[in-house]
1. Using only the C-alpha atoms of the chain, find the volume of their convex hull and express it per residue in Å³.
2. Give the longest segment of the chain that steers clear of GluC sites (Glu not before Pro) in DSSP loops with at most 15 neighbouring Cβ atoms within 10 Å, not counting the sites themselves.
3. Rounded to the nearest 500, what is the chain's calculated 222 nm mean residue ellipticity when only DSSP H runs of at least 4 contribute -39500 (n - 2.57) each, over all residues?
4. At 0.36 nm per residue, minus the direct Cα-Cα distance, what do ALA26 and GLU69 gain on full extension? Give it in nm, one decimal, please.
5. Report ³J(HN,Hα) in whole Hz for each residue of segment 76-89, in order, from the Karplus equation J = 6.51 cos²θ - 1.76 cosθ + 1.60 where θ = phi - 60°; Gly and Pro get x.
6. Relative contact order for the chain: what percent, with Cα pairs under 8 Å and sequence separation of 6 or more?
7. How much net charge surrounds HIS24 when only other residues with a Cβ under 11 Å from its Cβ are counted (Lys, Arg +1; Asp, Glu -1)?
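Just so you know, all these numbers are worked out from the coordinates, no wet-lab data involved. The structure displayed is predicted, hence computed values, not measured ones. Reconstructed Cβ throughout: ideal geometry from the backbone, glycine too, with neighbour counts over all protein chains shown.
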Amino acid sequence: MFYAIMGTDREDSLEARMQARPEHLARIKQLQAEGRLLMAGPHPAIDSEDPGSAGFSGSLIVAEFPSLEEAKAWADTDPYTQTGVFSQITVKPFKKVLP
């Protein structure tokens with residue numbers, strides 16, 4: 001089943017986000033290589049493709065996991081979680097309907 005992992009960034013997270021980004025992306029690319037990734041990306045803090053120094057307010061990852069518990073465990077060990085980029089994480093089942 002798919003699960004939506006929604007991380008909310010803490011205030012002033014941009015520098016920490018950039019430092020943890022390579023490891024974070026490597027984990028997402030692993031999900032992609034395994035055919036489990038539906039989509040992933042950040043939420044710009046402002047209405048812009050490139051928010052610059054405004055940074056990001058969080059991220060969304062939708063991927064397939066065997067269970068909710070395993071999706072939560074994956075989210076808990078993500079570098080953005082471990083380094084404090086995310087101040088909060090929500091993990092929910094996700095049902096893809098369209099397209």
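1. 102 Å³
2. Counting at most 15 other Cβ atoms within 10 Å as exposed, the longest clean stretch of the chain is 50-99.
3. Rounded to the nearest 500, it is -10000 deg cm²/dmol.
4. Here the answer is 13.3 nm.
5. 5, 9, 5, x, 5, 6, 5, 9, x, 4, 7, 8, 8, 10
6. In percent, rounded to a whole number, it is 48.
7. +2
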